[in-house]
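Each reported figure results from applying straightforward, stated rules to the coordinates on display, with no laboratory input. Since the model is a prediction, treat every value here as computed from it, not as a measurement. Note that each Cβ is placed from the backbone with ideal geometry, even for glycine, and that neighbours are counted across all protein chains shown.
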Amino acid sequence: MAADLSWREPGLDTLVGLLERYSPTGAESEAVSWLVERMRTLGFSTATVDEIGNVVGWIGEGGYQVMLLGHIDTVPGEIPIRLEDGRLYGRGAVDAKGPLAAFVDAVARVGEMPGIQWIVIGAVGEEGDSRGARYLLPRYRPHLLIIGEPSGWERLTLGYKGSAWVQITARRTLAHTAAPVESACEAAVDIWARLKQRVLAFNQGREGAFDQLLATLRRMESGSDGFEEWARVQVGLRLPPELERPTLDKMLKEVADGATYVIEDFIPAYRAEKNTPLVRAFLAAIRARGGKPSFTLKSGTSDMNLAAPAWGCPTLAYGPGDSSLDHTPQEHILVEEYLKAVDVLADALRGLASSHLSLRE
């Protein structure tokens with residue numbers, strides 16, 4: 001969507017350019033092509049599109065690899081781009097073109113540093129099956145990883161809950177509606193009620209949302225073939241760190257009570273270490289810009305859940321934006337916050353480069 005750029009403020013070109021190019025999951029190509037050219041204009045050593053469709057740009061040829069992994073796709077729902085009272089509106093302003101644009105601008109500002117390679121990736125499909133991030137896992141092995149998700153310019157995200165989708169199907173022999181037998185729909189409703197009770201029992205004594213199991217009923221459907229009727233419920237689960245798949249499987253088997261169930265796309269929760277050079281560099285950078293740094297754990301799921309355990313390196317998520325605006329019709333980002341986040345990122349990257357150089361010497 002073309003925007004009226006008469007209001008454009010300095011430092012927003014990358015962000016506005018991305019917002020102009022609506023890119024819901026599966027339709028990222030225009031935004032991808034534009035960002036490749038933008039990276040080249042900003043002086044990236046290389047900017048290209050990989051085989052799955054991710055934008056990949058890097059600066060420097062050093063052996064110490066710092067990856068800044070964001071995503072370029074958004075949820076559906078185009079929002080007209082406009083600036084009102086210092087708030088920049090547009091789909092993806094928060095989730096997560098704001099963080100991705102900040103990565104690009106910060107790395108371009110820092111430029112080449114001895115012994116370090118900065119890699120910025122705008123992954124496709126994060127709001128869907130994370131195909132972009134999954135493609136990267138066997139192909140990279142960064143030393144440090146920064147995930148581009150909204151945290152606010154003063155906060156660092158150290159963890160995300162896991163997720164799973166569950167399909168539960170109850171079947172019953174078709175009977176007359178006057179017969180005193182349980183219908184498939186009644187059976188499915190009872191299963192959902194039992195699952196809610198199990199979730200409540202699991203959460204007893206767990207005060208923080210990050211440590212609780214959360215379940216939501218996302219869909220219900222039913223049908224019959226004239227001899228048998230069936231009813232299916234789709235349940236979305238947000239998983240705490242210690243809940244592993246065998247434990248979930250046992251819970252579902254008990255509540256299903258003979259009904260069939262399928263666990264789809266199980267992604268474990270992940271919590272990063274706090275005492276790392278990466279975290280310390282960001283804490284120093286936030287304080288240097290007058291901020292009061294803090295930490296947060298998110299109830300959603302991100303590409304951190306896939307990449308961090310696969311690569312086993314120090315990790316955190318950072319980016320401008322208020323995550324409560326994710327996916328909403330009011331999605332917007334404060335211009336001042338975006339610019340501060342770019343400053344913090346650039347300072348943190350310089351701090352990491354300085355620490356790495358001193359260790360080499």
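Which shape class applies to the range 280-361: rounded if a/c is under 1.5, otherwise prolate when a/b exceeds b/c and oblate if not, where a ≥ b ≥ c are the square roots of the Cα gyration tensor eigenvalues?
Numbers: a/c = 2.57, a/b = 1.32, b/c = 1.94.
Here the range 280-361 falls in the oblate category.
What is the range 275-318 by shape, rounded, prolate or oblate, if you read a ≥ b ≥ c off the alpha carbon gyration tensor as root eigenvalues and call it rounded for a/c under 1.5, prolate for a/b larger than b/c, and oblate otherwise? Let's see the in-between values first.
On the way: a/c = 3.29, a/b = 1.67, b/c = 1.97.
Taking the square roots of the gyration eigenvalues as a ≥ b ≥ c, the range 275-318 is oblate.
Taking 0.36 nm per residue of sequence separation and subtracting the Cα-Cα distance, how much length would be gained by fully extending the chain between Arg171 and Arg271, in nm to one decimal? List each step's numbers first, then the result.
Values: separation 100, 0.36 × 100 = 36.00 nm, distance 3.94 nm.
Length gained, Arg171 through Arg271: 32.1 nm.
Report, in deg cm²/dmol and to the nearest 500, the calculated mean residue ellipticity at 222 nm for the chain, where each DSSP H run with n ≥ 4 adds -39500 (n - 2.57) and the sum is divided by the residue count. Could you put the intermediate results ahead of the total?
Numbers: 9 runs with 118 residues, N = 361.
Computed mean residue ellipticity for the chain: -10500 deg cm²/dmol.
Please find the FRET efficiency linking Gln204 to Ser33, where r is the Cβ-Cβ separation and R0 is fixed at 51 Å, and quote it to the nearest 0.05.
It comes to 0.50.
Tell me which trypsin sites (Lys or Arg not before Pro) from the range 205-310 have a DSSP coil assignment and no more than 16 other beta carbons within 10 Å of their own.
Working: sites: Arg206, Arg218, Arg219, Arg232, Arg238, Lys250, Lys253, Arg271, Lys274, Arg280, Arg287, Arg289, Lys298; in loops: Arg206, Lys274, Arg289.
Here the trypsin sites (Lys or Arg not before Pro) that fit, given the DSSP loop and packing criteria, are Arg206, Lys274, Arg289.
Along the range 247-261, what does the Karplus equation 6.51 cos²θ - 1.76 cosθ + 1.60 (θ = phi - 60°) give for ³J(HN,Hα), rounded to whole Hz, x for Gly and Pro?
So the Karplus estimates, Gly and Pro as x, are 5, 5, 4, 5, 4, 5, 4, 5, 6, 5, 6, x, 6, 8, 9 Hz.
Of the residues Gly57, Gly236, Gly148, which exhibits the maximal mean-square fluctuation in a Gaussian network model of the chain defined by a 10 Å Cα contact cut-off?
Gly236
Taking θ = phi - 60°, what integer Hz values does the Karplus form 6.51 cos²θ - 1.76 cosθ + 1.60 yield along the range 110-126, in sequence order, with x for Gly and Pro?
6, x, 6, 10, x, x, 10, 10, 8, 10, 10, 10, x, 7, 9, x, 5
When all alpha-carbon pairs of the range 97-180 are counted, what percent fall beyond 18 Å? Mind dumping the intermediate values first?
Details: 2251 of 3486 pairs.
Result: 65 percent of Cα pairs exceed 18 Å.
Quick one: among Gly115, Gly290, Gly43, which has the greatest mean-square fluctuation in a GNM of the chain with alpha-carbon springs under 10 angstrom?
In this elastic network of the chain, the residue with the biggest mean-square fluctuation among Gly115, Gly290, Gly43 is Gly290.
If one takes the longest principal axis of the Cα atoms in the chain, at what angle in degrees, from 0 to 90 and to the nearest 10, does the Cα axis of helix 335-360 lie?
70 degrees
Kindly work out what percent of the DSSP beta bridges joining two residues of the chain are antiparallel, to the nearest 5. Don't jump to the answer; show the numbers that get you there.
On the way: 46 of 68 bridges.
Around 70 percent of the beta bridges assigned by DSSP in the chain are antiparallel ones.
Relative to the longest principal Cα axis of the chain, at what angle does helix 184-202 sit, 0 to 90 degrees, rounded to 10?
The angle comes out at about 50 degrees.
Pairing the Cα long axis of helix 29-41 with the longest principal axis of the chain, what angle in degrees results, from 0 to 90 and rounded to the nearest 10?
Orientation of helix 29-41: about 20 degrees from the principal axis.
Compute the Cα gyration tensor for the range 162-267, then decide on rounded, prolate or oblate, letting a ≥ b ≥ c be the square roots of its eigenvalues: rounded whenever a/c is under 1.5, prolate when a/b is larger than b/c in the other cases, and oblate in all that remain.
prolate
When Lys and Arg each count +1 and Asp and Glu each count -1, what net charge do the other residues less than 12 Å away from Ala281, Cβ to Cβ, add up to? Present the calculation step by step, with values, prior to reporting the outcome.
Working: positive: Arg280, Arg287, Arg350; negative: Asp347.
Residues near Ala281 contribute +2 overall.
In a GNM of the chain with a 10 Å cut-off on Cα contacts, which of Asp95, Asp249, Asp322 has the highest mean-square fluctuation?
In the Gaussian network model the winner is Asp249.
Quick one: length gained pulling Gln330 to Thr41 fully straight, 0.36 nm per residue minus the C-alpha distance?
Working: separation 289, 0.36 × 289 = 104.04 nm, distance 3.13 nm.
Taking 0.36 nm per residue and subtracting the Cα distance, the gain is 100.9 nm.
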